[in-house]
Amino acid sequence: MRLALFDLDNTLLAGDSDHAWGDYLCERGILDRIAYKARNDEFYQDYLAGRLNIQDYLNFSLEILGRTDMAQLDQWHREFMRDCIEPIVLPRAEALLAEHRAAGDKLLIITATNRFVTAPIAARLGVETLLATECEMHDGRYTGRTTDVPCFREGKVTRLDRWLAETGHDLDGSSFYSDSLNDLPLLEQVSHPVAVDPDPKLRAEAEKRGWPVISLR
């Protein structure tokens, strides 16, 4: 069975779910509308520029999970899905997923965004297998810390290699769709790398290497 791997943010979605979650919390006054939003925007610019310190960002963004009970988090996330995610689900992305599903491929979303934010999105898209940055839990609630290797840049390769070893799958004939130069380490590993609405640096890299460039917008 061939693997069809997909980045999530700005690939299957017309936006970044991680950054949008921070904006959602600020807009509703749950987090500081000025100070938190400014820092969140700064981290996002670092990500786009390829210079994000992932651990600093996770310490910042997961703190709210550690001080909020699960019932409240689940309620917020349901509203977030309705108000922020549903409007940025791309019909052409859903069609691409359906195409790979019909071809008998194994679908997998692999994202740097944490599992709390992304698990309901993967479920909404009908993708059962999700590799994401993991949130530590203790006694049935989040601690506000991350655990395991962050699923970011080379970490995506590390996490995928482990999953391949655990499941017996391989990258023969595999595809990976991404918008970001941050995903270059994994794009280099698959049989069919595809740049999706890519950032300028990935577009240049894809053109240089002869990789397909597509749009799902």
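The values are calculated or read from the model by the stated rules, or taken from the named source; none is laboratory data. Everything quoted here is computed from the prediction, not taken from an experiment. Neighbour counts run over all protein chains shown; Cβ positions are idealised from the backbone, glycine included. For accessibility, only protein heavy atoms count, side chains too; no ligands or nucleic acids. Shrake-Rupley method; radii C 1.70, N 1.55, O 1.52, S 1.80 Å.
Some notes on this structure:
- Test: residue in region 21-28 that is among the aromatic types (Phe, Trp, Tyr), at pLDDT below 95 and assigned to a helix (DSSP H, G or I): no
- Residue, farthest from Ala49 (Cα to Cα), within region 163-209, restricted to residues that are assigned to a strand (DSSP E or B) and of a type in the set (S, T, N, Q): Ser175
- Failed item in (1) surrounded by fewer than 16 Cβ atoms within 10 Å (Cβ to Cβ); (2) free of Cβ contacts under 8 Å to residues at least 24 places away in the same chain, with Tyr57 passing the rest: (1)
- Those residues of region 50-92 which are in a helix (DSSP H, G or I) and within 14 Å of Asp16 (Cβ to Cβ), in sequence order: Tyr57, Ser61, Phe80, Cys84, Ile85, Pro87, Ile88
- Entry remark, region 54-73: residues being hydrophobic (A, V, I, L, M, F, W, C) and within 12 Å of Met137 (Cα to Cα) number 3 in total.
- Region 85-130: number of residues that are touching a strand residue (DSSP E or B) at 6+ places or on another chain (Cβ under 7 Å), closer than 19 Å to Gly173 by Cβ and open to solvent by less than 50 Å² (accessible area, probe 1.4 Å): 10
- The number of residues in region 26-46 that are open to solvent by less than 40 Å² (accessible area, probe 1.4 Å) and under 27 Å from Asp197 (Cα atoms) comes to 3.
- Test: residue in region 117-127 that is within 24 Å of Ile64 (Cβ to Cβ), assigned to a loop (DSSP other than H, G, I, E, B) and β-branched (Val, Ile, Thr): no
Residue-by-condition table, conditions (1) of a type outside the set (Phe, Trp, Tyr); (2) under 16 Å from Asp18 (Cα atoms); (3) out of contact with any Cys (no Cβ under 9 Å at 6 or more places or on another chain); (4) open to solvent by 10 Å² or more (accessible area, probe 1.4 Å):
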{"position": "Thr143", "(1), (2), (3), (4)": "yes, no, no, yes"}
{"position": "Asp148", "(1), (2), (3), (4)": "yes, no, yes, yes"}
{"position": "Lys156", "(1), (2), (3), (4)": "yes, no, yes, no"}
{"position": "Leu160", "(1), (2), (3), (4)": "yes, no, no, no"}
{"position": "Thr167", "(1), (2), (3), (4)": "yes, no, yes, yes"}
{"position": "Asp172", "(1), (2), (3), (4)": "yes, no, yes, yes"}
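- Residue selected from region 124-167 under the condition in contact with a helix residue (DSSP H, G or I) (Cβ under 9 Å, 6 or more places away or on another chain) and small (Gly, Ala, Ser), by the criterion modelled with the lowest pLDDT: Gly140
- Residue within region 10-20 that is assigned to a strand (DSSP E or B) and surrounded by 14 or more Cβ atoms within 10 Å (Cβ to Cβ) present: yes
- Against the numbered list (1) assigned to a loop (DSSP other than H, G, I, E, B); (2) in contact with a Lys or Arg (Cβ under 7 Å, 6 or more places away or on another chain), Arg217 comes up short only at (2).
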